[in-house]
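This report concerns only the one structure given below.
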Amino acid sequence: MGAGAAELQAPAGPHLITNGVAEIRVEPDMATLSFAVSLREASTVKVRESVDSRVASLVSQLEKIGLQKADIDASNLHIAPEYDYRNQDGGKLLGYRGMREVNVRLYQLERISLVVDAALAAGINTVSQIQYGVKDDSRYRLQVRELAIADSQQKASDLAKAYAAKLGSLYALSYRNDQRSAPIYLQKMATNAAADAQASYLPEPVVFRDDIEVIYNLD
């Protein structure tokens, strides 16, 4: 028996090839908000202090509205020089760009606007995206897998019966699964962005999809 996304090799004898598909759409019960701090300063020391200060301010603001540190992930600081190459002298150093990303997991979707407000108050200048999901995704992955298996078995049985053939043992299978939740991509936040946040950030259902290709021997 083979498994994987590779193309299946059919047996030499009589056989039947079919597939099973299933899809479940689930309303999200969590969201991951991705923020970014990007600043330019004259020195690496200054840009590190400025970026770290805003990240620390964001964490403090989020704790004030009841979020736990365990639900806040901040990346390491990345610093790179920035040059103006419009001149012919090889480029003029403009300063140093510092960047850190912060991901916030939120389990009360009605509080998205509060989190965005907190980011604004902390001086965060970019919210990259909001990715919706479900906490207990393993439950739905198992459910959609069982539905896809049942679909493949029913198709194989129905096809064999329709052609007066006797379904034999399973020869091979190829299994693919997919979970998709369309992210909401956002631009730099204006000062009034949070006012309409709850009305604007409308989540799409989280889609769990399975696809199983099977080959049965025919007796």
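Would you mind getting the accessible area per residue of the chain, heavy atoms of the protein chains only, 1.4 Å probe, in Å²?
Values: 12590 Å² over 219 residues.
Spelled out: the 1.4 Å probe surface of the chain, per residue, equals 58 Å².
Helix 44-64 sits at what angle to the longest principal axis of the chain, using alpha carbons and giving 0 to 90 degrees rounded to 10?
Relative to the chain, helix 44-64 is tipped by roughly 70 degrees.
Just to confirm a number: summing +1 for Lys and Arg and -1 for Asp and Glu over residues other than residue 69 whose beta-carbon lies under 12 angstrom from that of residue 69, what do you get?
Details: positive: 105; negative: 63, 71, 73.
That works out to -2.
Using a 1.4 Å probe over the heavy atoms of the protein chains, calculate the carbon and sulfur portion of the accessible area of the stretch 35-137 as a whole percent. Write down the numbers at each step before the final one.
Working: 2500 of 5510 Å².
Here it works out to 45 percent.
So how tilted is helix 137-162 from the main axis of the chain? Cα-based, degrees 0 to 90, rounded to 10.
30 degrees
If DNA, RNA and ligands are ignored and the probe is 1.4 Å, what is the ranking of 17, 124 by accessible area, most exposed first?
On the way: 17 90, 124 5 Å².
Sorted descending by solvent-accessible area, the residues read 17, 124.
For helix 112-121, report the angle its Cα long axis makes with the longest principal axis of the Cα atoms of the chain; keep it between 0 and 90° and round to the nearest 10°.
That works out to roughly 30 degrees.
Mind giving me the FRET efficiency for residue 126 and residue 176? R0 is 25 Å, r the Cβ-Cβ distance, nearest 0.05 is fine.
Details: r = 35 Å, r/R0 = 1.39.
Computed FRET efficiency for residue 126 and residue 176 comes out at 0.10.
Can you tell me which lysines have their Cα less than 30 Å from the Cα of residue 46? Leave out same-chain residues fewer than eight positions away.
64, 69, 92, 188
Among 71, 89, 52, which one shows the highest mean-square fluctuation when the chain is modelled as a Gaussian network with alpha-carbon springs under 10 Å?
Highest fluctuation among the options: 89.
For the pair residue 38/residue 93, report the inter-label distance in nm, with labels modelled 7 Å from Cα in the Cβ direction.
Taking the simple label geometry, residue 38 and residue 93 are separated by 2.2 nm.
How much length, in nm to one decimal, is gained on full extension between residue 146 and residue 60, taken as 0.36 nm per residue of separation minus their Cα-Cα distance? Before the final figure, lay out the partial values.
Working: separation 86, 0.36 × 86 = 30.96 nm, distance 4.42 nm.
Extending this stretch completely gives an extra 26.5 nm.
What is the calculated FRET efficiency for residue 158 to residue 219, with r their C-beta to C-beta distance and R₀ = 25 Å, to the nearest 0.05? Let's see the in-between values first.
Working: r = 17 Å, r/R0 = 0.67.
Efficiency, from the Cβ-Cβ distance: 0.90.
Using DSSP loop states and a limit of at most 16 other Cβ atoms within 10 Å to flag chymotrypsin sites (Phe, Trp or Tyr not before Pro), what is the longest stretch of the chain containing no flagged site?
Details: sites that count: 85, 107, 163.
Counting only loop sites that pass the neighbour cut-off, the longest clear stretch is 1-84.
Using a Förster distance of 22 Å, how high is the FRET efficiency between residue 136 and residue 110, based on the Cβ-Cβ distance and rounded to 0.05? Show your work: numbers first, answer last.
Numbers: r = 19 Å, r/R0 = 0.88.
Once the sixth-power term is evaluated, E becomes 0.70.
The values are calculated or read from the model by the stated rules, or taken from the named source; none is laboratory data. None of these values were measured; they are calculated from a predicted model. As a convention, Cβ positions derive from the backbone with ideal geometry for all residues, glycine included, and neighbour counts pool all protein chains shown. Quick note on the areas: whole protein, heavy atoms, side chains included, nothing else; ligands and nucleic acids left out. Shrake-Rupley method; radii C 1.70, N 1.55, O 1.52, S 1.80 Å.
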